[in-house]
Amino acid sequence: RRRLGECALLLILASIISAPYISEAKGLINHRFYPFSSSNETELVVSQCRIPPFQEPESDATVDDSSTSRCSVQPSSLTLQSPQIHQLAIQYAPVLFFHPLEKYTLSSVNATFDSPTSGKIHQLSDGVYLQTVDDQLNLTTLLKLTRGVDTSFNAHEYFFARNNLTEEYVNGEGYETLLDESNHSTGHRQSRAPIYYNVIDSGNNTWTFNYFFYYAFKGYSNMIIGNKNIPFQLGPFGMHEGNWEHISVKVCHTSFGEEDSEVPTTQQLPEPIAITYQQHGWSETTNCSLGECHFFEGTTHPVVFVALFSHATYPFPSYNQVYHKIPISSNNSQYALFLVDRTHYLDDQNKMSFFQPNATNVIRLLDPIEVNESTPENQYWNAFGGHWGNITSPNLEQMIPHCLNINHTDYVPCPTKEQDPVFYRVMQMIGVRPPDYGSEILEPNGILASTYDFFANFNMGQSGPVTKHSFWEWSPPINAPIWNFIPQNTTDEEYCETAILLPAPDSGHDVEYGTWNIRANVLGVIVMVIGLPVATSVFLWWLSKILSERPNLLKVEDGEIQPPKGGLKSQIYLLSLAFTMWYAIVVMGAAMFAYAYDDIFDLMKKYLPIFQWDLVTAFLSRLCIIFLILDTLLVVLLWLPSYMLQAKLWHVYYILVGDDEHAKKYEDGGLVNLPFRGIQIGFIICFGFLLVSMMLAVVFVIVSVAVVGFSYGFSEACFTVVSDLGVCIDLTAFGGDQIVCGEDFEQFCDSWVNIQSSLTLWGSCIVAVGHYYLIGIGGMAFYQQVTVNQ
């Protein structure tokens with residue numbers, strides 16, 4: 001009994017101690033987002049690649065695992081028409097963040113109907129234009145067309161279109177600059193337009209607030225090619241007039257605000273229990289009870305990241321929200337075109353454009369049954385069930401890619417065929433026909449037809465809020481079409497790393513889509529190797545003609561012998577100086593080659609170990625040292641007789657003028673007594689080794705040409721086939737121990753395309769050309785010294 005009593009006491013104490021932790025675990029803490037702060041706790045990392053998660057269609061965030069409602073309060077006495085509901089709608093309205101390149105901003109519905117003569121109303125029959133119903137954009141006509149009918153079934157029968165889509169109109173209401181407390185610009189931009197909402201009773205003691213965002217125009221679709229970090233947009237796909245997007249926010253009934261004097265505050269309100277983000281006809285739901293939601297700091301406002309041009313809504317920012325894949329194949333080449341949304345929200349100065357709700361910019365939508373003849377005419381559009389904009393089909397003759405920089409903050413020229421053959425080929429396979437891509441259109445396996453069919457729906461003006469399923473009831477999540485291609489348990493990281501392979505924006509990859517220009521370097525080397533020797537040969541021939549004349553070293557004027565001057569330096573030192581200059585150039589070229597070839601041979605040893613690269617490296621290194629010593633000795637043996645000849649000349653001069661004192665100084669200096677013939681023999685011997693050194697330089701050129709060949713060949717292979725995940729290269733055939741595929745294959749190709757490849761070529765050719773000059777100038781210097789000595 002005593003032991004049982006002790007156990008009971010311990011259980012009671014444990015329950016008391018753990019009670020706070022158990023109650024807190026019922027609802028995990030959601031993230032608070034405040035981008036204006038420097039605190040890491042209020043930041044959201046912008047992912048490079050993200051996939052909307054796979055969600056079970058029957059999932060319901062309003063009930064827990066035991067099918068018990070998460071909202072335990074009693075049903076509210078408030079009706080959906082109560083004024084307090086509008087206050088709740090403002091408190092739960094989202095804060096929207098827009099892409100820095102977004103130009104089709106939020107718009108006001110009133111701007112679309114500001115002038116009846118600005119548009120017309122038309123009727124369709126089986127998706128084909130039938131007739132014009134009204135030559136003006138008459139709101140009364142819009143009301144009569146769909147009043148009293150099921151708008152969801154009538155949505156495709158009528159549409160209106162503006163006569164002239166001016167830039168001012170399609171760009172929406174735009175932004176106003178946000179000022180700080182000192183009335184100075186912060187650089188941030190706040191939307192001028194309103195948003196719209198309706199509210200429904202969604203059961204289980206919950207309300208659902210649907211927030212609708214109207215854009216006068218929708219822009220190009222955003223895309224990326226698998227394995228190619230080249231963000232681009234492809235028009236005219238995705239473009240259409242009239243774009244409605246929305247999110248749904250489900251909240252528990254609240255007792256606050258039931259008295260007329262009560263206005264709920266953020267501190268009094270519970271957080272939403274679920275938020276659904278709508279995206280191109282599918283959706284993504286975050287469960288706030290599981291800590292999946294993001295709210296603006298200090299508020300119950302959900303955070304929404306709006307996609308560039310498509311205006312789809314997402315809970316997270318990302319450079320690439322991948323929602324669909326279009327496989328492309330032609331002539332055994334396999335590629336993948338990914339359709340993405342881009343929700344990066346910061347510009348290059350870390351400034352942002354956003355919408356923040358307040359009491360004046362959150363407007364309630366009317367229920368269609370509320371719209372009648374007594375409703376103000378400017379509200380008739382609330383009951384219109386047709387399309388908000390023209391019904392168009394994408395024109396395949398006008399497809400043009402628009403490329404973005406690596407940080408998605410500006411537009412850059414798309415890569416040419418030389419810069420990126422894979423991008424060029426895929427554009428041809430899609431059917432792009434701008435002048436930069438030539439007239440040739442590849443015919444892949446049905447890609448044009450399938451691409452056209454998929455995007456046809458993207459070029460249709462969207463129907464209004466009353467035609468949305470969520471306008472009437474809470475909708476379960478709908479998975480994005482990308483899940484038709486991947487297993488349900490695939491994570492973002494797994495798929496992005498294996499199928500899309502996108503490096504991070506700050507990874508140091510070349511923004512210009514180019515590589516080290518091997519062709520230009522090869523052309524430059526050819527000009528140097530051929531052009532310079534030809535030009536210099538002419539110069540040396542002219543110089544030899546001058547030097548072939550017997551030099552007049554001492555002159556007699558007015559019966560007196562003049563001291564050596566004037567042509568002395570040109571006769572004795574000129575060619576020695578030229579030889580030394582080219583010796584320095586050869587040393588520079590050898591240093592350039594030595595700097596680069598170490599990395600190149602490391603690559604050779606890594607990927608092609610079948611050859612004894614260590615022996616090759618050791619052999620070339622020792623030869624370089626030997627011939628560097630011999631070339632240096634040649635410089636010494638060339639300058640030594642030059643100084644000796646100068647001393648002899650002054651010695652002869654002082655003897656002829658009878659100045660024995662100075663003449664004896666030159667004799668005692670030793671230079672005059674050096675054996676000129678012996679020095680010349682030593683020079684001839686070293687000069688012979690100079691010819692061998694020339695042949696070594698040719699070996700350097702052959703090695704560097706092979707390296708450049710590897711570089712160019714592998715870079716072409718990389719650009720041509722690396723996008724195909726099934727392409728591999730078997731390095732075991734060359735003595736390696738691996739088969740490289742996919743990303744490893746790309747790294748293998750890219751490792752050869754570097755500055756070292758060109759440095760080996762330039763360095764070896766400089767050494768070879770330099771030896772040509774050393775041989776020519778050295779021979780002329782030898783001849784000149786013999787002449788002067790005579």
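Every number in this text was worked out from the coordinates using simple rules, so none of it is lab data. Computed from a prediction, not measured in an experiment: that's the story for all the values here. Reconstructed Cβ throughout: ideal geometry from the backbone, glycine too, with neighbour counts over all protein chains shown.
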>> Counting other C-beta atoms within 10 Å, and keeping those with at most 16, which DSSP coil trypsin sites (Lys or Arg not before Pro) do you find in the stretch 81-148?
In response: LYS103
> Cα gyration tensor of the stretch 167-317, axes a ≥ b ≥ c as square roots of the eigenvalues: rounded (a/c below 1.5), prolate (a/b > b/c) or oblate?
Replying inline: prolate
> Taking the mean number of other Cβ atoms within 10 Å as a proxy for protection, how do you rank 239-251, 191-203 from highest to lowest?
Replying inline: 239-251, 191-203
> Which value in nm describes the separation of the simple spin-label points at VAL692 and LEU80, placed 7 Å from the Cα toward the beta carbon?
Replying inline: 9.9 nm
> Any idea what the alpha-carbon Rg over 2.2 N^0.38 Å comes to for the stretch 75-198?
Replying inline: 1.42
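Looking at this model, which pairs from LYS144/LYS468; LYS325/LYS468; LYS325/LYS606; LYS103/LYS144; LYS120/LYS325; LYS228/LYS468 are more than 30 angstrom apart at the alpha-carbon?
Numbers: LYS144/LYS468 20 Å; LYS325/LYS468 26 Å; LYS325/LYS606 36 Å; LYS103/LYS144 34 Å; LYS120/LYS325 37 Å; LYS228/LYS468 37 Å.
Exceeds cut-off: LYS325/LYS606; LYS103/LYS144; LYS120/LYS325; LYS228/LYS468.
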